[in-house]
Amino acid sequence: MSQEAEKFRIFGHEGPYKECMGLYSEVYTETRGGVALRSVYKHTRLPVYLYFHEKDKTWALSNKIGSSRCWMFASDLAQKPHLIIGPWKYINPNDRKWLLESKMKCEPHIELKDGGNSSRRESMKVQIKAMESVIEAMKTENKKLREQIKLARLPHMVAQVSELRSKNLAIREKRFILEEKLKDLDIRKKECDNLQEEKKRLETETRQLLARITAQKRARAKVDCLLPTGRNFDVNGVTNTTPEEDQKVTGIVSPDILVEEVHQEDDTDCDESV
């Protein structure tokens, strides 16, 4: 039992090609490598065909199947005519410019037989199938739109990635500089710690030296108290007065004076003997 040909009704255009509106019936299905592709549909009264142009990726209306010179087209990859979402365009026969047709639609055509319940059920099944096909088409179109949005955002995203990479490189360079400065600060900290230790050592030695000087001063003061008064001593404890001054102050004859007097007596004895 052969499958019944699909039929679609095109409507909505009131322009120069309104005669092309009407019922279209499936003529045949294109195949490639044994795989069924999109079908070709013919107007039930006129030599007008609805077909998918593989090269241009469009559904087209023309009097010649597969021609790129058409009267109307819709840029859409839908598998069936009623799944076409993209808007239709038609060529103005006067100035040959393409104009937008937003009211043109395509829907499945259902023939009721005998008006029975079985026909209604079949009609409902066809409508449900058509709605499911529309849902699938909308999902496909949504996916395609997402891809288009992603591609549209791609240059901006590439620029953002490049900017972020540049910022990351600058941050790494700053981090390297800061790490070098931190190492230098660690070295200086160690030097400061060493200087602090040296300072403590010098302070300890200074205190010890001051203690020794103080002890020496106290000892010298005690020595000065034990010596006769009137005599002056230098820092080494040696008197800086003459023997005569010491004799006047203390009444004690200096050994130096006695030695000098003995020498004078020896000189006098020598003169008398002569």
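The values are calculated or read from the model by the stated rules, or taken from the named source; none is laboratory data. Just so it is clear, the model here is predicted, and its values are computed rather than measured. Note: ideal-geometry Cβ built from the backbone for every residue, glycine included; neighbour counts use all protein chains shown. Protein only, heavy atoms only, side chains kept; ligands, DNA and RNA dropped before computing areas. Shrake-Rupley method; radii C 1.70, N 1.55, O 1.52, S 1.80 Å.
Could you give me the residue pairs with C-beta distances under 9 Å whose first residue belongs to the range 195-223 and is free of Cβ contacts under 8 Å to residues at least 24 places away in the same chain, whose second residue is open to solvent by less than 80 Å² (accessible area, probe 1.4 Å) wherever it lies, and which are 6+ apart or on separate chains?
From the range 195-223, the pairs are 220/233; 220/237; 223/233; 223/237.
Which condition breaks for residue 46 when tested against (1) in contact with a helix residue (DSSP H, G or I) (Cβ under 8 Å, 6 or more places away or on another chain); (2) open to solvent by 30 Å² or more (accessible area, probe 1.4 Å); (3) at pLDDT 90 or above; (4) under 23 Å from residue 140 (Cα atoms)?
Failing condition for residue 46: (4).
Could you run through the range 66-90 and say how many residues are open to solvent by 70 Å² or more (accessible area, probe 1.4 Å), in contact with a Ser or Thr (Cβ under 8 Å, 6 or more places away or on another chain) and of a type in the set (A, V, I, L, M, F, W, C)?
Of the residues in that region, 2 qualify.
Would you confirm, using the coordinates I've provided, whether residue 63 is open to solvent by 70 Å² or more (accessible area, probe 1.4 Å) and over 20 Å from residue 108 (Cβ atoms)?
yes
Condition first: basic (Lys, Arg) and farther than 26 Å from residue 76 by Cβ. Now tell me which residues in the range 143-184 satisfy that.
Within the range 143-184, 165, 167, 172, 174, 175, 181, 183 meet the criteria.
Regarding residue 66, is this residue of a type outside the set (D, E, K, R), touching a strand residue (DSSP E or B) at 6+ places or on another chain (Cβ under 7 Å), farther than 22 Å from residue 131 by Cβ and modelled with pLDDT under 95?
Judged against the criteria, residue 66 is a match.
Among (1) in a loop (DSSP other than H, G, I, E, B); (2) at pLDDT 80 or above, which single condition is residue 171 missing?
The number of the failed condition is (1).
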